[in-house]
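Working notes for the structure below.
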Amino acid sequence: MGIPFYKYQGTGNDFIMIDNRQGIFPKNDTKLVNTMCDRKFGIGADGLILLEDHPVLDFTMVYYNADGNPSSMCGNGGRCIVAFAERLNIIGDDVRFMAVDGEHEARIENDKVFLKMIDVPAVENHGGHLFVNTGSPHHIELVDDLAGFHVRERGAAIRYGALYGTAGSNVNFVEEKTDGFALRTYERGVEDETLSCGTGATAVALAMDSLGKVNGRSVVIYVEGGKIEVGFVKKDSGYEDIYLIGPAEMVYEGVWP
């Protein structure tokens with residue numbers, strides 16, 4: 001029996017979405033997830049997301065990286081699953097769902113998904129780089145000539161280096177612009193550069209604010225797949241009311257295999 005799926009993308013970060021409320025998907029089949037996400041032998045995606053029931057909230061989000069393993073929070077995936085839930089007619093104006101890093105709130109306005117991220121207690125400044133956990137770990141470096149930067153090579157070296165041990169980290173390279181910041185991200189689990197990373201964009205926005213480079217309570221992040229806005233409230237220690245804002249669109253639907 002085939003598995004119905006929907007392909008979604010948020011600023012180029014693409015996902016296989018599956019309605020798993022009836023338990024149709026073999027959740028422990030790492031090889032199946034990896035094959036479905038393969039861009040040559042499968043559907044092709046940066047990750048696979050299951051929408052499941054929750055006893056109190058609107059739904060549960062279960063996220064797998066393209067390598068087939070369960071992963072930490074995915075911001076763009078969170079925006080896409082909200083759009084998917086709207087298509088399934090299971091949410092109202094205000095959305096509450098459970099993810100691996102805890103409960104999230106969201107809403108849809110003018111074809112954009114406003115996803116509330118977890119609070120961030122601190123931005124770590126290590127001199128040559130910054131580190132922020134926004135539901136997923138993010139290493140951040142400011143660079144010149146981002147367009148010509150070797151993201152895959154440098155990102156892999158940091159991700160697999162001694163700094164973050166066996167768990168590794170996502171790695172973000174940032175360049176200042178007149179009206180925001182340009183961002184390119186190497187994602188662990190995908191093990192390559194992706195066109196967009198929502199938790200990475202969130203981390204970069206907070207990191208740049210911590211350096212005094214942001215005026216106001218929001219910032220535009222230009223990713224390879226478009227642009228994302230991050231809103232936040234800065235506290236004496238850390239950040240609250242953090243929102244990741246951007247489009248989430250269905251590309252097509254099908255049945256696997």
For Val113, distant residues with modelled amide H under 5 Å away: Gly246, Ala248
Segment Asp29-Lys213, length gained on full extension (0.36 nm per residue, minus Cα span): 61.8 nm
Per-peptide average of other Cβ atoms within 10 Å, ordering 220-228, 244-252, 27-35 highest first: 220-228, 244-252, 27-35
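Might you report the magnitude of the Cβ-based charge dipole of segment 124-246 about its Cα centre, with Lys and Arg at +1 and Asp and Glu at -1, to the nearest 20 debye?
Charge dipole, segment 124-246, about its Cα centre: 140 debye, nearest 20.
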Whole-Å distance, taken between Cα centres, linking segment 201-255 and segment 1-46: 26 Å
Spatially proximal aspartates and glutamates relative to Lys112 (Cα-Cα < 15 Å; intrachain offsets below 8 disregarded): Glu86, Asp93, Asp94, Glu229, Glu249
Of Thr30, Ser210, Gly198, farthest towards positive along the dipole that unit charges on Lys, Arg, Asp, Glu beta carbons give the chain: Thr30
Label-to-label distance, nm, for residues given as Glu105 and Thr178 (7 Å Cα→Cβ offset): 3.7 nm
Total charge dipole magnitude, segment 27-85, about the Cα centre, Cβ charges on Lys, Arg, Asp, Glu only, Debye to nearest 20: 200 debye
Reachable lysines from Lys27, criterion Cα separation under 27 angstrom, eight or more residues apart if same chain: Lys7, Lys40, Lys116
Approximate spin-label separation Glu124-Glu253, in nm, with each point projected 7 Å along Cα-to-Cβ: 4.4 nm
Residue-averaged [θ]222 nm for the chain, counting only DSSP H segments that reach four residues, each worth -39500 (n - 2.57): -5000 deg cm²/dmol
Highest-first arrangement of 98-107, 81-90, where packing means the average Cβ count within 10 Å: 81-90, 98-107
For segment 124-246, convex hull of alpha carbons as volume per residue, Å³: 104 Å³
Amide H contacts under 5 Å for Asp53, placed H, 5+ residues apart: Thr60
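No value in this document is a laboratory result; all are computed from the given coordinates. Quick caveat, the model's predicted, so the values are computed rather than measured. Every residue, glycine as well, gets a Cβ built from its backbone with ideal geometry; the counts of neighbours run over all protein chains shown.
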